[in-house]
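Read-outs: derived from the displayed coordinates by stated rules, not from any lab. Source: prediction; values computed, not measured. For neighbour counting, all protein chains shown are included, and Cβ atoms are generated from backbone atoms with ideal geometry for every residue, glycine included.
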Amino acid sequence: MSGTVEQDAGGLGGEPPEPAPPGGAEAAASRGDWAVVALLLALGAFLAHGTATMDVPENSGSPGPRFVPVIVTVLTFVLAALMAAQVARATAGAGVRAPERSAHGEETDWRAVGVVVASFLAFTALLSPLGWLLSAALLFWGTGYALGGRRPLFDAGVALSVSAAFQLAFSAGLGLALPAGVLEGAF
């Protein structure tokens, strides 16, 4: 019949369905997912090395300066293992549905991953000169931006508040001083 629009099962208004990536959707999904698992494992190894080689003063009390890094390291490895298991199930097609494809045909938002990695690298480079409060606030703000935060002033205030809360928790709760950087002696 003329004047009617036929609908294809793969698209609306007669549009052809989006082509599947080479190797199937599972292969495309798992490449990005496995890359994130590898990044988590590398981060866990970096944290484990840093924790194991940490200089601990002999007069440090319990729980000591390794307490929080050990918890973070263990949680990083647990998260990597859980994600690896989920990706393996999704790749094997064991009933776990792969994530929806974005408009670009990718499951992994590489821009967001890049912003988080850049924020972490900036944090590590700026920790000594700027100090914990400012460099961690930059890390938290960058991570929030990567995850979709679009209110820069509000997000900066939240990031600074979270950074300050960690600073207080470490100094009051554990008796440890985080690097002060440019704010040394300001408070």
Rank-order 160-173, 49-62 by packing density, defined as the average count of other C-beta atoms within 10 Å over each peptide's residues, highest first.
160-173, 49-62
Farthest toward positive dipole pole in region 35-187 [+1 Lys/Arg, -1 Asp/Glu at C-beta], among ALA165, LEU41, ALA90
ALA90
For ALA48 and LEU147 in one chain, what is 0.36 nm times their gap in residues minus the Cα-Cα distance, to one decimal in nm?
33.0 nm
Quick check: pseudo-label points 7 Å beyond the Cα along Cα→Cβ at ARG111 and GLU184, how many nm apart are they?
4.0 nm
